[in-house]
Amino acid sequence: MAPIDPHSFTDSTHPLTSHISLHLYFDFSTSTIASSALITLCKPHSGDLILDTRSLTITSVIDPTTNTQLQFHLSSDVDPIKGQPLTVSLTNCSKILITFVTSPSSSALQWLTPPQTFNKKYPFVYTQCQAIHARSIFPCQDTPTSRVRYNAKLNVPHQLSGVMSARHVERRAPVMGGDSGFTCDESLWCAEGRVVEEFVMEQPIPPYLFAFAVGEIGSREVGPRTKVFAEAVGSVLDAAAKEFAGTEDMIRVGERLFGEYDWERFDLLVLPPSFPYGGMENPRMVFLTPTVIKGDASGAQVVAHELAHSWTGNLITNKTNDHFWLNEGFTTYAERRIVEAVQGEDIAALNIGIGWKGLVDEMERFKDNMEFTKLVTSQEGVDPDDIYSQVPYEKGFQFLWRIERQIGRAAFDEFLKKYIAAFKFQSIDTHMFLEFLKANVPGIENDIDLKTWTEGTGIPPDAMEPISNIYTKIVSLAHEFKQGRMPSEEEVVGWHGQEWELYLENLPKSVEASQVTALDRRYRLSESKDYEVKVAFLQLAIGSRCSEYYNVVEKTLKEVGRMKYLRPLYTALVQGNTKKEEEKIFAQRVFAEARETYHPIAQGVVESILSKHL
Ligand code: BES
Ligand code: ZN
């Protein structure tokens, strides 16, 4: 008996799940889903089998081949990170049918009431399963070591439609005689005004890539294998279709660099503003924050990132979150190669530079806990949402870029293709990557200190900043700000969001309040439509205790739920010296008022920031 993942109760001696068949009956009046999951194990098992759950009510567990009840026990101890293990006793059994109901507080789900949507007419619900939230939707071995195929039937009100990170089979009327999969009474399942949306995922995926959304959803075609979906609002769909028009070009670049695109479709779903991430790489249908639609096609960077996961992350998956850099570091590298190919070297260099500053700042954040400055981490007893950082992204990127410099781009490109082909549809750890690297690049361990890179803390000495004129110019302008010099109009000609972002990120954390207002009077950064710019500016304003911007801070914290913006703003308000009483009270009030509009994951993260400092 040994766990195989610090974030799962899955036991090393138990067979893994190979297939799940889900029936989901959506009840918007109670914000719950009455469900059943038919789990197929890769081989028959006798004895206990442990599944992960969080806030689920289990109604029955049966062996569907004999139609007999199976003994089960849902632990009454709730692990604050892992949830509640569900133990089922099996005798030579490979199929288990579990019926259960989700809770309104399911950590993966955000239920939006009609007033919280754009059209204000119908409710909306969507998932975010990474890192360990799939278990709050259905019992499963919620570890990326496991890879499952699945099918799903979503029973929803007929005014709504369902989308999934899976192939859509059909939208049809519910039928009597077994269609309901024991989720609820057949009279409910087949009631007037209900429809069934059927999906199938034929490729094995880790549970964190399970995803759906249900609401009044429309779509526009943007390419031969891409549609953009969003709440059915003409203006939103049009803006999204325009922003993402270049998607097919990026898929082609990805195929040239990393091998064939294996997922058939690459659709995009633009979520409501409360979506807690910039993007989530759900297979066949990436989930995106609406804040990436800026009207200047700059959202392409986030799409490039989520697209890159189609190879690094979704084809090759980290075995556990301790090896998360294998997902995000490779993807950040792949994203920048795609960006370089479609937008040019200067933009790619700016992104590397913004990332570099992010990495340097994380060293400060983790100075009392250097464990999380390592690429390979030990996350036993740690909630992955609490330690989410730029380290796996940017130190991982730096490591791969270092290898590229050592062996040359052509050889590294060949290596990457080979790596992806060798491990696709597998879950791997850092050791497996390093063995493959050493076998395919003989002698690499003599040139690069692989141990320091993967196991050491901090930034290795052979990491580096990008070499680019525009990057160097912007960073030196930022340093001059300390001496009181603001960039002139001529100097900022042609600056877009990323140039300003890099500039602002490189300013000192706190300056004279008068300097902040002067900068804003000249360049109107607090009014920027680009949240990256606006939030970077507001951080500076808070750090400089420029309270005239606190109303903009409040408005921002109430209109978006993307954690990339919530984290730094709430942190800037509450961290540091004791004199910030006013800011702390302000942060608490705004959170109390905004809380209900945030996704449960964001609620938890903000709570943990506030509790650390108050
Ligand atoms: N997979 C991540 C998002 C994620 C990570 C969700 C960990 C839950 C736990 C996604 O691919 C990502 O990295 N998104 C970034 C995009 C950016 C790097 C372009 C984001 O949301 O900011
Ligand atoms: Zn990512």
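In this label model, HIS73 and LYS584 are separated by 4.4 nm, measuring between points 7 Å along each Cα→Cβ vector. A simple count of charges around ARG545, restricted to other residues whose Cβ falls under 11 Å of its Cβ and scoring Lys, Arg +1 and Asp, Glu -1, yields -2. Note down the nm distance, to one decimal, between modelled labels 7 Å out along Cα→Cβ at ASN446 and at LYS473. That separation, rounded to one decimal, is 4.4 nm. With 0.36 nm allotted per residue and the present C-alpha distance subtracted, the ASP11-GLU371 stretch has 127.0 nm of extension available. With everything on Cα atoms, drop me the angle between helix 513-523 and the longest principal axis of the chain, reported from 0 to 90° to the nearest 10. Helix 513-523 and the main axis of the chain meet at about 80 degrees. Once the Cα atoms are used to define both axes, helix 234-243 deviates from the longest principal axis of the chain by about 60 degrees. Charge tally for ASP520 (other residues, Cβ to Cβ under 12 Å; Lys, Arg +1; Asp, Glu -1): +2. Ignoring aspartates and glutamates fewer than eight residues from LYS418 along the same chain, the ones with Cα atoms less than 14 angstrom from its Cα are GLU255, GLU260, GLU435. Computed from Cα atoms, the angle from the helix 247-258 axis to the main principal axis of the chain rounds to 90 degrees. Taking a ≥ b ≥ c as the square roots of the eigenvalues of the Cα gyration tensor, an a/c ratio of 1.5 or more together with a/b larger than b/c marks the chain as prolate.
Straight-line cross-link partners of LYS121 among the aspartates and glutamates, defined as a Cα under 17 Å from its Cα and at least 8 positions apart when in the same chain: ASP27, GLU216, GLU231. Quick check on segment 44-95: take the gyration tensor over C-alpha atoms, sort the square-rooted eigenvalues as a ≥ b ≥ c, and tell me if it's rounded (a/c under 1.5), prolate or oblate. Judged from the Cα gyration tensor, segment 44-95 comes out prolate (a/c at least 1.5, a/b above b/c).
Once the C-beta distance of ASN551 and SER46 is scaled by a Förster radius of 60 Å, the resulting FRET efficiency is 0.40 to the nearest 0.05.
For a paramagnetic label modelled on ARG225 (point 7 Å from Cα along Cα→Cβ), amide N atoms under 17 Å away belong, within segment 191-209, to 201-204.
Give the distance, in whole Å, between the Cα centre of segment 12-68 and the Cα centre of segment 486-504. The two parts, judged by their Cα centres, are 54 Å apart. Between segment 297-360 and segment 120-174, what's the alpha-carbon centroid distance in Å? First find each Cα centre; the distance between them is then 26 Å.
Quick one: which of LYS82/LYS558; LYS357/LYS534; LYS509/LYS579; LYS558/LYS580; LYS82/LYS319 span more than 19 angstrom between C-alpha atoms? With Cα atoms farther than 19 Å apart: LYS82/LYS558; LYS558/LYS580.
For segment 406-467 versus segment 220-262, the inter-centroid distance based on Cα atoms is 31 Å. Mind giving me the FRET efficiency for ASP346 and ALA173? R0 is 60 Å, r the Cβ-Cβ distance, nearest 0.05 is fine. For ASP346 and ALA173, the calculated efficiency is 0.65. Under the rule of -39500 (n - 2.57) per DSSP H run of 4 or more residues, summed and divided by the residues of the chain, what mean residue ellipticity at 222 nm is obtained, to the nearest 500 deg cm²/dmol? The per-residue figure over the chain is -11000 deg cm²/dmol. Measuring r between the beta carbons of LYS417 and LYS482 and using R0 = 51 Å, the FRET efficiency lands at 0.65. Using Cα positions and a limit of under 18 Å, work out the aspartates and glutamates in reach of LYS473, with same-chain residues fewer than 8 apart set aside. Result set, ordered by chain and number: GLU345, ASP346, GLU465, GLU489, GLU490, GLU491, GLU499, GLU501, GLU505.
Every number here is computed from the coordinates shown, using simple stated rules; none is lab data. Since this is a predicted model, take the numbers as computed values, not measurements. Every residue, glycine as well, gets a Cβ built from its backbone with ideal geometry; the counts of neighbours run over all protein chains shown.
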